[in-house]
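*Asks:* I'd like to ask some things about the structure below.
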Amino acid sequence: MGKYCIGVDVGGTSVKLGLFTTEGELLEKWEIPTRKENNGSKIIGDVADSIGQKMEQKQIDRTDVCGIGMGVPGPTMADGHVIKCVNLGWSECDPAKELGEMLGIHVKIGNDANVAALGEMWKGGGKGHDDVVMLTLGTGVGGGVILGGSMVAGKRGIGGELGHITVNPNETERCNCGNCGCLEQYASATGVVRVARKLMEEGKEETALAKLEVITAKDVFDLARNGDPVAGKAVEILGQYLGLVMANVSLTVDPDVFVIGGGVSRAGEILIQVIEKYYRNYLCITSDRADVVLAQLGNEAGIYGAAKLAL
């Protein structure tokens, strides 16, 4: 068996890559730009070239590499088939097979959010647990479900798309997915700002947010900590809907731990407290609830998870 594995996290702007030992030690990480022209036709070739150059530089033979794992931003089938990655321009393709044939190394592929959850289970906030659910609160809301140490992608590759669970059927604004009232519309960085703006428009309470030219999620959380009523209410709404989804997920798969990642997770304790409050309120069937913890791997979760996938 090889001594190394390689993790690849394909994003819309850059591709992150990591060289690991099979024990999970990150030896080196690097990035290349994601060339999306011609429907992303150059991406896999660029990844293959970059890995090949790194192996040559480190004098690593392909027999020393037990596998390559790859996370991609879209639904992936169990056999590696990708139906669509909108941000990359891919549709109906098999990037794992393509990369494997270029390098002569076995490649496994998964949805990027599920792969990041696998990374957090292996070496991050979920370490020591086999049943982990991760929620990534960034521009959108990603989700990943790990049961018995394995990713749950589902029949159509949409398993773990927790950000698109409907939490408010009365919402009239549309989510990017086309639905109305998705978790993403309230619990993402853009979502909590959207909610804060709507509360400001109602004009029921004065808020320091009104003095800001551009409002960020960080502004909302900072002002909530300082007692701003509008910012505080926006954070409460985020916690309410996130706690609701987590309670329903617990009643479905009953994980050991929820790992909260993404840019919004930098809010820290105020975020965990509001989530736990509503999670406890909605999950009354048991007092033995899953722990709620912050992710630990940051932007490296994807390459860690991809490397674990290769193993």
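The values are calculated or read from the model by the stated rules, or taken from the named source; none is laboratory data. Here the structure is a predicted model, which is why all the values come from computation and not from measurement. Here the Cβ is made from the backbone with ideal geometry for all residues, glycine too, and neighbour counts use every protein chain on show.
*Asks:* Keeping to the range 266-301, report how many residues are modelled with pLDDT under 95 and hydroxyl-bearing (Ser, Thr, Tyr).
*Replies:* 2
*Asks:* Regarding the range 254-272, can at least one residue be identified that is more than 19 Å from the chain's Cα centre (by Cα) and without any contact (Cβ under 8 Å) to a residue 40 or more places away in the chain?
*Replies:* Filtering the range 254-272 for residues more than 19 Å from the chain's Cα centre (by Cα) gives 254, 269-270.
Filter again for without any contact (Cβ under 8 Å) to a residue 40 or more places away in the chain, leaving 269.
Scanning the range 254-272, I find at least one residue that is more than 19 Å from the chain's Cα centre (by Cα) and without any contact (Cβ under 8 Å) to a residue 40 or more places away in the chain, so the answer is yes.
*Asks:* Looking only at the range 117-144, filter to residues that are modelled with pLDDT under 95 and assigned to a strand (DSSP E or B); which one of those is farthest from residue 194 (Cα to Cα)?
*Replies:* Filtering the range 117-144 for residues that are modelled with pLDDT under 95 and assigned to a strand (DSSP E or B), the one farthest from residue 194 (Cα to Cα) comes out as 144.
One line per residue, one yes/no per condition, for (1) out of contact with any Cys (no Cβ under 8 Å at 6 or more places or on another chain); (2) under 16 Å from residue 11 (Cα atoms):
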site	(1), (2)
51	yes, no
56	yes, no
69	no, yes
76	yes, yes
85	yes, yes
89	yes, yes
94	yes, no
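*Asks:* Take residue 87 and decide whether it is among the polar types (S, T, N, Q), assigned to a helix (DSSP H, G or I) and surrounded by fewer than 19 Cβ atoms within 10 Å (Cβ to Cβ).
*Replies:* no
*Asks:* So if I check each of 190, 207, which one is touching an Asp or Glu at 6+ places or on another chain (Cβ under 7 Å) and in contact (Cβ under 8 Å) with a residue 24 or more places away in the chain? It would help to see each step written out before you state the result.
*Replies:* Values: 190 fails: touching an Asp or Glu at 6+ places or on another chain (Cβ under 7 Å).
Exactly one of 190, 207 is touching an Asp or Glu at 6+ places or on another chain (Cβ under 7 Å) and in contact (Cβ under 8 Å) with a residue 24 or more places away in the chain, namely 207.
*Asks:* Out of (1) surrounded by fewer than 22 Cβ atoms within 10 Å (Cβ to Cβ); (2) assigned to a helix (DSSP H, G or I); (3) of a type in the set (A, V, I, L, M), what's the single condition that is false for residue 246?
*Replies:* (1)
*Asks:* Looking at the structure I just gave you, is residue 110 in the same structural domain as residue 77 (by TED's automatic domain parsing) and either in contact (Cβ under 8 Å) with a residue 24 or more places away in the chain or part of a helix (DSSP H, G or I) (or both)?
*Replies:* Taking the combined requirement at face value, the residue satisfies it.
*Asks:* Still on this structure, I have one more. So which residues in the range 14-36 are in contact (Cβ under 8 Å) with a residue 40 or more places away in the chain and among the charged types (D, E, K, R), if there are any at all?
*Replies:* 16, 29, 36
*Asks:* In addition: When you look at residue 238, is it within 18 Å of the chain's Cα centre (by Cα) and either charged (D, E, K, R) or over 14 Å from residue 283 (Cα atoms) (or both), yes or no? Spell out how you get there, then give the answer.
*Replies:* Numbers: within 18 Å of the chain's Cα centre (by Cα): yes; either charged (D, E, K, R) or over 14 Å from residue 283 (Cα atoms) (or both): yes.
The answer is yes for residue 238.
*Asks:* State whether one or more residues within the range 129-145 are surrounded by fewer than 21 Cβ atoms within 10 Å (Cβ to Cβ), more than 21 Å from residue 13 (Cα to Cα) and without any contact (Cβ under 8 Å) to a residue 60 or more places away in the chain.
*Replies:* First pass over the range 129-145, keeping only residues surrounded by fewer than 21 Cβ atoms within 10 Å (Cβ to Cβ): 129-131, 138-139.
From the residues that got through so far, the ones that are more than 21 Å from residue 13 (Cα to Cα) too are 129-131.
This time we only want the ones that are without any contact (Cβ under 8 Å) to a residue 60 or more places away in the chain, so: none.
No, the range 129-145 contains no residue that is surrounded by fewer than 21 Cβ atoms within 10 Å (Cβ to Cβ), more than 21 Å from residue 13 (Cα to Cα) and without any contact (Cβ under 8 Å) to a residue 60 or more places away in the chain.
*Asks:* Return the only residue of 50, 91 being polar (S, T, N, Q) and in contact with a Lys or Arg (Cβ under 7 Å, 6 or more places away or on another chain). Full working, then the answer.
*Replies:* Details: 50 fails: in contact with a Lys or Arg (Cβ under 7 Å, 6 or more places away or on another chain).
Selected residue: 91, the only one of 50, 91 that is polar (S, T, N, Q) and in contact with a Lys or Arg (Cβ under 7 Å, 6 or more places away or on another chain).
*Asks:* Does residue 300 satisfy the criteria of being among the acidic types (Asp, Glu) and either under 21 Å from residue 131 (Cα atoms) or in contact with a helix residue (DSSP H, G or I) (Cβ under 7 Å, 6 or more places away or on another chain) (or both)? It would help to see each step written out before you state the result.
*Replies:* On the way: among the acidic types (Asp, Glu): yes; either under 21 Å from residue 131 (Cα atoms) or in contact with a helix residue (DSSP H, G or I) (Cβ under 7 Å, 6 or more places away or on another chain) (or both): yes.
Yes; evaluated as a whole, the condition is true for this residue.
*Asks:* Another question, then. Wholly within the range 1-72, which strands (runs of 3 or more DSSP E) include no fewer than the required count, namely at least 2 residues that are of a type in the set (A, V, I, L, M) and surrounded by fewer than 17 Cβ atoms within 10 Å (Cβ to Cβ)? First the steps, then the outcome.
*Replies:* Working: elements: 4-10, 14-21, 26-33, 65-72.
Filter on the range 1-72 gives 26-33.
*Asks:* Do the conditions hold for residue 291, that is, is it surrounded by fewer than 15 Cβ atoms within 10 Å (Cβ to Cβ) and in contact with a His (Cβ under 9 Å, 6 or more places away or on another chain)? Can you show your working first?
*Replies:* Details: surrounded by fewer than 15 Cβ atoms within 10 Å (Cβ to Cβ): yes; in contact with a His (Cβ under 9 Å, 6 or more places away or on another chain): yes.
It is true that residue 291 is surrounded by fewer than 15 Cβ atoms within 10 Å (Cβ to Cβ) and in contact with a His (Cβ under 9 Å, 6 or more places away or on another chain).
*Asks:* Sort out which residues of the range 37-63 are without any contact (Cβ under 8 Å) to a residue 24 or more places away in the chain and either at positive phi or not assigned by TED's automatic domain parsing to the domain that holds residue 100 (or both), and write them in order of number.
*Replies:* Scanning the range 37-63 gives a single hit, 59.
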